[in-house]
Every structure is written in structure tokens, then in C-alpha cells.
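Just so you know, all these numbers are worked out from the coordinates, no wet-lab data involved. The shown structure was predicted, so the numbers you read here are calculated from the model rather than taken from an experiment. Note that each Cβ is placed from the backbone with ideal geometry, even for glycine, and that neighbours are counted across all protein chains shown.
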Amino acid sequence: MRCPLHSPITTVLLLLWCTAPAAAAPLPQRPPPTGPEREMLDEAKRLLDEGRLADARDIHLTLWGLTKSASDAFRVGMLSFRLHDFAKAAEFLSIYFDMVGTPDAPKIWVPPGFKESYELARANFAEARRHVGALDVRVSEPGAAVLVDGRQVGLSPLPRPVYVAPGQYRVSGQLAGEQIETTAAADAGGERTVWLTFPRTRAEAPAHPPPVSKAASRPVAAPPSSTPSPALRWWIVGALAATSAALATVGALSVLEANDASEDRDAAMDRAQWEVFHCRPGLPACDAYADADGRTKTFTALSVGAFVGAGLSAGGAVAAGFLLAPEVKVRVGVVGTAPGVGLSFAW
């Protein structure tokens, strides 16, 4: 920096000013408590003097929710340690350490005697960790609500592990209507990493989705599935098979009737040949012949049609059975704990 020189005294002062190191920026400090906050602090101190540690801690928990200050986190952690609530003690003391830094490199303004209180908090935290486990929950998606045994502990990514008493826990994540859940065991003094991976991660989504029109962006109901249900499929096969059997029965009965009518026709022809040399209407034998001949032709045509329909229905039933039957997969090898053959069906 260039400094002007006017007199010896000015020169000395300017040299001192030019060469002095820049003053460090002041560390952030908690603003003075408001009137209601001061009343709550006084009430907590009175309860603490009376030995009502749990009530005093409740007040500091309320203050922590209002101020999120390091001093309130410190008091909640230390009081929880004295109450043998080691999980909450480890949680709030770890928050306190993150906020204040270390005595050699504090992150905020600290009062005199900070080093002694910091070392005591460190000792209490180490003792609390001997009694509780830590679950380091990592979620594939940011912003997901993380729950441990149904209690929300924060949003992903969590800034620190979740401290819990030793035992088995349900760890779940909720995001955009989706929920995933797993179980994890916490051991005293240990730490376990729990992974929660949503099935559709944002990495799979296109970086720049194509623009869509307003009409296209409206939700459209998915078309109903055209595949019939398994019960309906077998009803179709059964109906075709029953139709084929009924037509085959009709064809068989028609053949019998046609045969009987043919025999009657031949008998009537024989009688007509004995009565007259040519048949003409009005003669009993000729009328019997005409009636038998008509029935023969009718039932013959009916039997042919019935057998053709029965064949077509049977073919349809077979085709429907092949097309609508479940897909069977055969697996030869170890099934369970013993060798064998496994069958699986899929529609």
C-alpha cells in the first residue's frame, strides 16, 4: 500500500497503520435474550437450584426450539447426561460441538472459561457414547424425511448420526409419497451405517425433460388392461369346450335320426314299388316316402353343420388354452435346502 509522508510524526503513525495486520472479523455472538427468554432462563435456574433437573431441561428444550443457540444445546446435553438420558445427551452435545468448534478454533464467540466447560462436555459425551449406539442413516435422495421407529429425526442428508439406546430399530425414509424401510441393530458404543435407497432415483430421470403442452400435462387415466383375468380366461376355454361338446352331441343325434329316416324312406320306396310303378301324390306309400326323404335330408344337413361347429369350437378351445394358459417355468436344481424340481406359473 502506498502511504503519503508529510511530517515525522505523521510518517510514523502512517507506517504503523500501513504495516498493522488487518483485524480479524468478530465471531458471531448470540443476541441478548428477549424479555420472555430471560424469564424462562430465570425459571430454569430456579428449578435447577431446587434439583428439578427434568423440568429445567424441558425449559431449555423449549428455548432451543426458539433460539437454536449453542448455549441451550449445551445445557440440554449436560442436563440430559445428569438425568442418565444418554441418547439425548449425545445428540445435543454433538450439536454443541458442531456449533462452537474447538477451544483452539472457535466458530462463535465464547465466554471466558470456555475451555474448561468444553473439556467437561467432551468427557460427558464420551461417557454417554459408552451407553448408546449410533445409526448413520444415508439416503439416496436429498430432502427425504428420516424416521427411526416412527419418530422423525430430520431430513436427508442428516448432519450427524442418530443416537439411540441399544436395540433393534425400524429406519424408514419418506419422499413424494414413497416410503422405504429397513431394520438396524444399534450396539452400545458402536456405530452402524444404514442405507435407504429409493427405487427411482433422480439420477435415472432425464437431465432436461422434454417440454410438454398444457393439454399433455393433464393427468390421463391409464387405459384398462386388455388382458383378461385368470378366472375369465378359463371361463372362455370352458365355454368353447362346452359348445364343442354340445354341437358334437347334436351332430351324433342328427346322424341317428338321419339313419332312421333313411331306413323309413327305403321301406316306403319298396312299398311304393309294389303298389304302383310310379309314385304320385295321394298314395300312402308315396307320402311316406316323401316325408322320410325330407327328414333324411334335414337331419343329414343338421349333423354335418353340428360336426363342423363342434370341430371349430374344439379348435378354438385348444387355441384359447394355449394362448391363455399360464407360462410354466421348470427349474431343476436345489429347491430350498434339497435338490428337486421347482415349478413357477406366470400369466
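Assign unit charges at the C-beta atoms only (+1 for Lys and Arg, -1 for Asp and Glu), then state the dipole size of region 48-101 relative to its Cα centre in Debye, rounded to the nearest 20.
The calculated dipole for region 48-101 is roughly 80 debye.
Using per-residue counts of other Cβ atoms within 10 Å, averaged over each peptide, order 53-65, 116-128, 99-111 from highest down.
The peptides rank, most packed first, as 53-65, 116-128, 99-111.
For region 64-207, what value does the Rg/Rh ratio take when both radii are computed over Cα atoms and Rh is the Kirkwood radius, given to two decimals?
Here the Rg-to-Rh quotient is 1.04.
Across region 73-163, Cα pairs under 8 Å and at least six residues apart give a relative contact order of 25 percent.
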